[in-house]
Amino acid sequence: MADLAPDRRLRRLELTVTRRLDGLLHGEHRGLLPGPGSEIAGSREYRPGEDEVRRMDWAVTARTAVPHVREVDADRELTTWLLVDASPSMEFGTAELDKRELAVAAVAAVGFLTAGSGNRLGAQVLGPHGLRRFPARGGRTHLLGLLRALLAAPRAAGVDPGAAPGLAEGLAAVGRVAARRGLVVVVSDLLDGLPDDPAASPPWEAALRRLAVRHQVLAVEVTDPRELELPDVGLITLVDPETGRRREVFTGDRRLRARYAEAALAQRAQVRQVLRRCGAAHLPLRTDRDWCADIVRHVHAQRRLALAPAAGRAGPAPRPGALRGGAA
């Protein structure tokens, strides 16, 4: 895709997303993370085995002596905020796409999957020259404009790596503009400041945790196969794109390649643990995999989770008689 003109690349990307994700692009209020809504719409009688205990309306239950649960309306308008990592480490790639191009594809998928009547999409782009903000707006024209800007953005050549803002700064910026509860999608390799000690917290964990308290958060982790294992190609020079440091490595050493693969697996496991602690959903994408298929699997898994029986998620439901203080 990189050898095509920006407009042709954008058209091909749009066709890929709309054709491959056609089964998911339906309904007025669609999204990547389906939820029960947040607006209180009254109460109704409790249904054993169907309703979650945490939705009990205790005030109405006490007043009527009959168990009631709160009803909520699905949010009629969804605001999605994207934090797109366009830092130097995202320009690496050894497969059909580099990580930055895969990030743009993920943005396109999020944009089309969350599009709908009244829904809006905004973005913060974390680039080597600073943060660039795209206000939250609706419509296909706005989404295509964002994608065009991402495809046409200059690369990081010649930029001082130390001057670029970090992922924590980008997350904090999203928190400042995302005033209303909605969906926050972080598209990044999540390598920024990742400590060597698996028990230590990366500098962006606190900001991500704060976002997850108020919003639904989806972390789209973008990786390349060469970040997970080294090929046996002899002597190579590795360059850290974030710091510019260089190091020569002899990849013919089998033990070195094994240590590298082990460290890479531990690093990805560390990222998963951080996301789990923060309460963020996790969607891993790789440059050498079918990213559309991975997104479809993720959405189906989220919908199955949302439609799972309440009793299976929250344990056995109490008997109505027990809630009233009498015998069933």
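The values are calculated or read from the model by the stated rules, or taken from the named source; none is laboratory data. Everything numeric in this text was worked out from a predicted model, so none of it was measured. When we count neighbours, we look across all protein chains shown, and the Cβ atoms used for this are built from the backbone with ideal geometry, even at glycine. Please note that ligands, DNA and RNA were not included when accessible areas were found on the heavy atoms of the full protein model with its side chains. Shrake-Rupley method; radii C 1.70, N 1.55, O 1.52, S 1.80 Å.
Scan around GLY93 for amide H atoms under 5 Å from its own, H built in the peptide plane at 1.01 Å from N, and keep only partners 5 or more places away or cross-chain.
Counting only residues 5 or more places away or on other chains, the set is LYS99.
Accessible area per residue, 1.4 Å probe, Å², for the range 254-293: what's the number?
Result: 58 Å² per residue.
Report, by chain and number, residues whose modeled amide H sits under 5 Å from the one on THR251, excluding near sequence neighbours (fewer than 5 apart, same chain).
VAL233, GLY234, LEU235, ILE236
Quote the relative contact order of the range 94-182 in percent (integer), defining contacts as alpha-carbon pairs under 8 Å separated by 6+ residues.
Details: 65 pairs, mean separation 25.9, N = 89.
Contact order relative to length: 29 percent.
Run the simple label-point estimate for ARG247 and ARG268 please: 7 Å along Cα→C-beta, distance reported in nm.
Simple spin-label model gives 2.0 nm for this pair.
To the nearest Å, what is the center-to-center distance of the range 98-160 and the range 163-193, using C-alpha atoms only?
13
For a quick protection proxy, order the peptides 223-229, 125-131 by their average other-Cβ count within 10 Å, most packed first. Provide the component values of the computation, followed by the final result.
Numbers: 223-229: 17.3, 125-131: 19.4.
Ranked from most to least packed, the peptides come out as 125-131, 223-229.
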